[in-house]
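To start, the structure itself, in structure tokens.
The values are calculated or read from the model by the stated rules, or taken from the named source; none is laboratory data. Predicted model, so just to flag it, every value in this text is computed and none were measured. Don't worry about glycine lacking a Cβ; one is built from the backbone with ideal geometry, like all the others, and counts go over all protein chains shown. Ligands, DNA and RNA are excluded from the accessible area calculation, which covers all protein heavy atoms including side chains. Shrake-Rupley method; radii C 1.70, N 1.55, O 1.52, S 1.80 Å.
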Amino acid sequence: MNFVTDLDVKGKLVFLRVDFNVPLDDKGQIRDDNRIRASLPTIVWLLEHGARLIIASHMGRPKGKVEPSMSLKPAAARLAELIPYKVVMAPDVVGDEVERLKKGLGEGEVLLLENVRFYKEEEKNDAGFARQLAESVDIFVNDAFGSSHRAHASVVGIADFIPVKAAGYLMKKEVDYLKKAVHTPVKPYVAILGGAKVSDKIEIIESLLGKADHILIGGAMAYTFLKAQGLGVGRSLVENDQIEIALVILDKARTNEVSFHLPQDHVLAKAPQAGAETRIVEALPFPEDMMGVDIGPKTVAAYAAVIAAAKTIFWNGPMGIFEIDEFAQGTIGVAKAVAASGAISIVGGGDSVAAIKKAGVRDKISHISTGGGASLEYVAYETLPGITALEK
Ligand code: ADP
Ligand code: MG
């Protein structure tokens, strides 16, 4: 994979795919511009080196039609405040007017295209649309790691029509860190998996079975595994249609050389609500009217001991319903253990990153992935469609 700084971009028309999918408030103001700021190293490098820069992104899910509330205009205004270069907002994604604006771009100037998802062809990876995006473009740069698990026209299809391609800084940083965990993990390699659903995480669990030394399970996912073993889990969140696959995973874990850890004790509650009656138990079955909402203190201690010996850690999915303070201790305990471990630690997933912030250990994590779904898919499949497209 080429890196953007390997290229001569002076005077070239560069198409840069970024992730400007920033959260807006109900007045259409940007609530958090982290994603725009995260792309600045690549944008500024390109402009400093004389690129004529087209920037493209999606915003929300307009489902293939023009949705004024999902326009990238606020992002254009913010970008113009952040960089000392001329930023023009395009009225569309493709078409005659956009072509005219592209041709008129000077060195060190930016044309931000409208939301690529205003066209249904984007998500269909339509070749004709990709060709239009690529019209007159010399170089394709992808810095949208968080969108690179999607085979969309501005991420994947476009690469077929532009011979020179490279990754931006953000993309490179993500891939460099994830590669360490995935291709050449320093051992012991410990994977921590939690969250609500087993079904979201089957591919990643299966791939980790062949690579990790320890898999620590928490969150609601644990109860599907416990129920698969024939244990009564009361009203805990269980995916009954995943019981079969849970059994297959447990079986594979036995034959592979991986230690597959399930919680040894549990915080139970009558309801997933603050103030609900709680109890800590070790023994199953759970009372019929209670549900597991967090891992218990004994489990935290056991997991912390495994984590302390780790050299590489990948974590996705909170250990309990961490949004509610009373059920957050398991997740916070594990987060502190990861922070104290001295291992290369990678955390991916929207809720997992929120949990790391809640635990106050954000600065002690080696790499916090900006792309939730993308980081999981990378760990499971060792590449992403958007990365393969850059390597073609
Ligand atoms: P991420 O966004 O990091 O990938 P997920 O979306 O997979 O994580 O899972 C996060 C969600 O899982 C949180 O909303 C959390 O409340 C929920 N969760 C964790 N443990 C439990 C549990 N025991 N019962 C119900 N929900 C849970
Ligand atoms: Mg989530």
(request) Look through 306, 233 and report the one residue that is closer than 23 Å to residue 340 by Cα, open to solvent by less than 60 Å² (accessible area, probe 1.4 Å) and outside any strand (DSSP E or B). (result) 306
(request) Mind telling me which of the residues 295, 215, 205 ends up being closer than 23 Å to residue 335 by Cα and at pLDDT below 95? (result) 205
(message) outside any loop (DSSP other than H, G, I, E, B), under 14 Å from the mean Cα position of the chain (by Cα) and touching a residue at least 12 places away in the same chain (Cβ under 8 Å): which single residue out of 165, 201, 180, 172 fits that description?
(response) 201
(request) Report yes if some residue within segment 288-308 is within 23 Å of residue 186 (Cα to Cα), in contact with a Ser or Thr (Cβ under 7 Å, 6 or more places away or on another chain) and of a type in the set (A, V, I, L, M, F, W, C); otherwise report no. (result) yes
(message) Can you say whether residue 213 is open to solvent by 20 Å² or more (accessible area, probe 1.4 Å), farther than 14 Å from residue 316 by Cα and either of a type in the set (D, E, K, R) or touching an Asp or Glu at 6+ places or on another chain (Cβ under 6 Å) (or both), as far as the supplied structure shows?
(response) yes
(request) Could you list, in sequence order, all residues of segment 344-379 that are more than 16 Å from ligand 2 (Cβ to nearest atom), open to solvent by 10 Å² or more (accessible area, probe 1.4 Å) and in contact (Cβ under 8 Å) with a residue 12 or more places away in the chain? (result) 344, 359, 361, 364, 365, 366
(request) For segment 318-331, indicate whether the set of residues that are farther than 20 Å from residue 356 by Cα, open to solvent by less than 70 Å² (accessible area, probe 1.4 Å) and either assigned to a loop (DSSP other than H, G, I, E, B) or touching a His at 6+ places or on another chain (Cβ under 8 Å) (or both) is non-empty. (result) no
(request) Return the pairs, sorted by first residue and then second, in which the second residue is open to solvent by less than 10 Å² (accessible area, probe 1.4 Å) and in a strand (DSSP E or B), the first residue lies in segment 135-160 and is in contact (Cβ under 8 Å) with a residue 60 or more places away in the chain and of a type in the set (Asp, Glu), the beta carbons are less than 8 Å apart, and the residues are 6+ apart or on different chains. (result) 138/13; 138/14; 143/16; 143/17; 143/167
(message) Please determine whether any residue of segment 37-56 is farther than 20 Å from residue 142 by Cβ and of a type in the set (A, V, I, L, M).
(response) no
